[in-house]
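Let me begin by presenting the structure, written as structure tokens, before commenting on it.
The values are calculated or read from the model by the stated rules, or taken from the named source; none is laboratory data. These figures come from a predicted structure and were not determined experimentally. All Cβ positions, glycine included, derive from the backbone under ideal geometry; neighbour counts span all protein chains shown.
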Amino acid sequence: MTAEIRKIVRFEDETFIEGGKEAPKPLRLMAVAAIIANPWAGHGFVDDLKPEIVALAPGLGERMTAEIVAMAGGGDKIEGYGKAAIVGMNGEVEHASGMIHTLRFGNHYRTAVGAKSYLAFTNVRGGPNAPIMIPLMHKDDEGMRSHYLTIQFAVPDAPGVDEILIALGASIGGRPHHRIGNRYQDLEEMGKTRDDTPV
């Protein structure tokens, strides 16, 4: 059993100047979104979502990972990463969550980019042209604020009422002129260690 994909949408953004100053290295943001049929649509309240998650999430994760890695030119190029899902108005937020909050989906992406940190995420209900917001963090270090970024775009005809839009996001680079430090500097200044315990 594979996900019924109506379409795949790709998004890319490249920033050369930020704050009126040329970026030392252009920031590339990219995303891929798959619009799939909601497998639970029309079935009323479904107690056990696992059969469909197990059947659909692995193949979807594999295909979407291949798409975004190709956009980046290789998994090793990707620095920041994240995921998002929007379920159409006839579905539950739990349906969106079910498709992306499983290792059967996310581990394809983690493995492909050699990540250590968890995948930042959003999961909401919405209709066509709903804003897709994919929060990113550094794949190796969740405390690197330079890679706290958000990809935003929309698909004019998705998700339909009985669809789920699932997206993966990536960055090559962090914010061009990042200068707010990282969370470890804050902890040190506050007299705490990396696990927030007092020194």
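A few remarks follow.
- Among the residues listed as Val155, Val124, the single one being outside any loop (DSSP other than H, G, I, E, B), among the hydrophobic types (A, V, I, L, M, F, W, C) and at pLDDT 95 or above: Val124
- Residue check for Gly114: at pLDDT 95 or above, of a type outside the set (S, T, N, Q) and surrounded by fewer than 17 Cβ atoms within 10 Å (Cβ to Cβ): yes
- Within the range 28-57, being in a strand (DSSP E or B) and buried (at least 19 other Cβ atoms within 10 Å of the Cβ) holds for Arg28, Leu29, Met30, Ala31, Val32, Ala33, Ala34, Ile35, Ile36.
- Residue match in the range 137-152 (condition: over 24 Å from Arg28 (Cβ atoms) and either out of contact with any Lys or Arg (no Cβ under 6 Å at 6 or more places or on another chain) or not in a strand (DSSP E or B) (or both)): no
- For the range 147-161, the count of residues that are out of contact with any Pro (no Cβ under 9 Å at 6 or more places or on another chain) and of a type in the set (Asp, Glu) is zero.
- Picking from residues in the range 1-52 that are β-branched (Val, Ile, Thr) and touching a strand residue (DSSP E or B) at 6+ places or on another chain (Cβ under 8 Å), the one that is nearest to Ala84 (Cα to Cα) is Val32.
- Residues in the range 1-58 that are at pLDDT below 95 and within 18 Å of the chain's Cα centre (by Cα): 0 in all.
- Asp13 falls short on exactly one of the conditions (1) of a type in the set (D, E, K, R); (2) touching a residue at least 60 places away in the same chain (Cβ under 8 Å); (3) farther than 30 Å from Ser146 by Cβ; (4) out of contact with any Asp or Glu (no Cβ under 8 Å at 6 or more places or on another chain), and that condition is (3).
- Residue match in the range 59-68 (condition: under 26 Å from Arg145 (Cβ atoms) and either at pLDDT below 95 or out of contact with any Ser or Thr (no Cβ under 6 Å at 6 or more places or on another chain) (or both)): yes
- Of all residues in the range 89-112, exactly one satisfies the criterion of being of a type in the set (Lys, Arg) and under 18 Å from Glu52 (Cβ atoms), namely Arg104.
- Filtered by the rule that a residue be in contact (Cβ under 8 Å) with a residue 40 or more places away in the chain, touching an Asp or Glu at 6+ places or on another chain (Cβ under 8 Å) and of a type outside the set (A, V, I, L, M), the range 126-152 gives His138, Lys139, His147.
- Against the conditions (1) under 19 Å from Lys7 (Cα atoms); (2) surrounded by 15 or more Cβ atoms within 10 Å (Cβ to Cβ), Pro131 satisfies every one except (2).
- Note on the range 169-199: among residues that are surrounded by 12 or more Cβ atoms within 10 Å (Cβ to Cβ) and touching a Ser or Thr at 6+ places or on another chain (Cβ under 7 Å), the one that is nearest to Ala120 (Cα to Cα) is Gly174.
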